[in-house]
1. Can you work out which of the residues in the stretch 1-33 that are under 21 Å from the mean Cα position of the chain (by Cα) and open to solvent by 80 Å² or more (accessible area, probe 1.4 Å) is nearest to Ser78 (Cα to Cα)?
2. How many residues does the stretch 61-111 hold that are within 21 Å of Gly31 (Cβ to Cβ) and among the polar types (S, T, N, Q)?
3. Report, ordered by the first and then the second residue, all pairs with beta carbons closer than 6 Å, sequence separation of six or more or different chains, a first member in the stretch 112-123 that is free of Cβ contacts under 8 Å to residues at least 40 places away in the same chain, and a second member that is open to solvent by less than 20 Å² (accessible area, probe 1.4 Å) and small (Gly, Ala, Ser).
4. Pick from the stretch 56-83 the residues that are over 17 Å from Ala41 (Cβ atoms) and among the hydrophobic types (A, V, I, L, M, F, W, C): which of them is surrounded by the most Cβ atoms within 10 Å (Cβ to Cβ)?
5. Consider the stretch 68-82. How many of its residues are over 14 Å from Ala37 (Cβ atoms) and touching a helix residue (DSSP H, G or I) at 6+ places or on another chain (Cβ under 7 Å)?
6. Please identify the pairs in which a residue from the stretch 153-178 that is under 20 Å from Ser105 (Cα atoms) has its Cβ atom under 7 Å from the Cβ atom of a residue that is acidic (Asp, Glu), counting only partners at least 6 apart or on another chain.
7. Could you give me the residue pairs with C-beta distances under 9 Å whose first residue belongs to the stretch 87-102 and is of a type in the set (Phe, Trp, Tyr), whose second residue is open to solvent by 40 Å² or more (accessible area, probe 1.4 Å) wherever it lies, and which are 6+ apart or on separate chains?
Amino acid sequence: ARRDAIAAGAHDAPLVLDIEDQLGVTATYDGRYDEAADIYAHLIPARIAQAGVDAPATISARRGHALYLSEIDRFEASAREYEAIYAAALDHAPEQVPDIEWNLSNLYTETNRWEAAERLMRDSLRRSRRELGARHPQYLWEELYLVDLLNMRGRWDDATALATTDRAELIKVLGPNH
């Protein structure tokens, strides 16, 4: 579809950019990093030109680029990209905030910025709990990421207590055979 649209002279048409947004992530996950880099080299400037730097579509494209940077082990550059779009997402694309927070907290963990990782993860968990509820399975699964972080930080008692509570809640909500 992308090739056809480009051949028809619609290289910067919104549909082509939407396709590129998906293709960039797919190429990244497939390990086709040169292709992903080429897509983002076109996609991000086109999104900025059409919608502005803070538009949800631009933030989405930049999220994909930050993911790409992380996948090629450019953790610091990826963290800077996520940090740059975080404030814009809070104001202009709140639906993208949880993904940004989780990825950024993972990058902080990867780069040994433990305090920042935990702070961001706890912020995200507060938002998730408020939106989903304390017994929602997604929230409980998300809270287990905090258990992992606490374990990495050597806070085993805190991690064990939280894991035990989450496990009991998940069994209540989903059943023992889930």
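The values are calculated or read from the model by the stated rules, or taken from the named source; none is laboratory data. The structure displayed is predicted, hence computed values, not measured ones. Neighbour counts are summed over all protein chains in view; Cβ atoms, including those assigned to glycine, are modelled from backbone coordinates with ideal geometry. When the accessible area is computed, the model is the full protein with side chains, heavy atoms only, and any ligands, DNA or RNA have been set aside. Shrake-Rupley method; radii C 1.70, N 1.55, O 1.52, S 1.80 Å.
1. Residues of the stretch 1-33 that are under 21 Å from the mean Cα position of the chain (by Cα), as a first pass: 17-33.
Adding the requirement that they be open to solvent by 80 Å² or more (accessible area, probe 1.4 Å) leaves 22, 29-30, 32.
Working: Gln22: 18, Tyr29: 15, Asp30: 18, Arg32: 17 Å.
The qualifying residue nearest to Ser78 (Cα to Cα) is Tyr29.
2. Counting residues in the stretch 61-111 that are within 21 Å of Gly31 (Cβ to Cβ) and among the polar types (S, T, N, Q) gives 4.
3. From residues that are free of Cβ contacts under 8 Å to residues at least 40 places away in the same chain, the pairs are Ala117/Ser105; Leu120/Ser105; Met121/Ser105.
4. Result: Ile59.
5. 3
6. Matching pairs, first to second residue: Leu162/Glu143.
7. Trp102/Tyr145
Okay, residues lined up against (1) within 25 Å of Arg74 (Cα to Cα); (2) at pLDDT below 95; (3) under 24 Å from the mean Cα position of the chain (by Cα):
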| site | (1), (2), (3) |
| --- | --- |
| Asn112 | yes, yes, yes |
| Arg129 | no, yes, yes |
| Arg135 | no, yes, yes |
| Tyr145 | yes, yes, yes |
| Asp148 | yes, yes, yes |
| Arg167 | no, yes, no |
| Gly175 | no, yes, no |
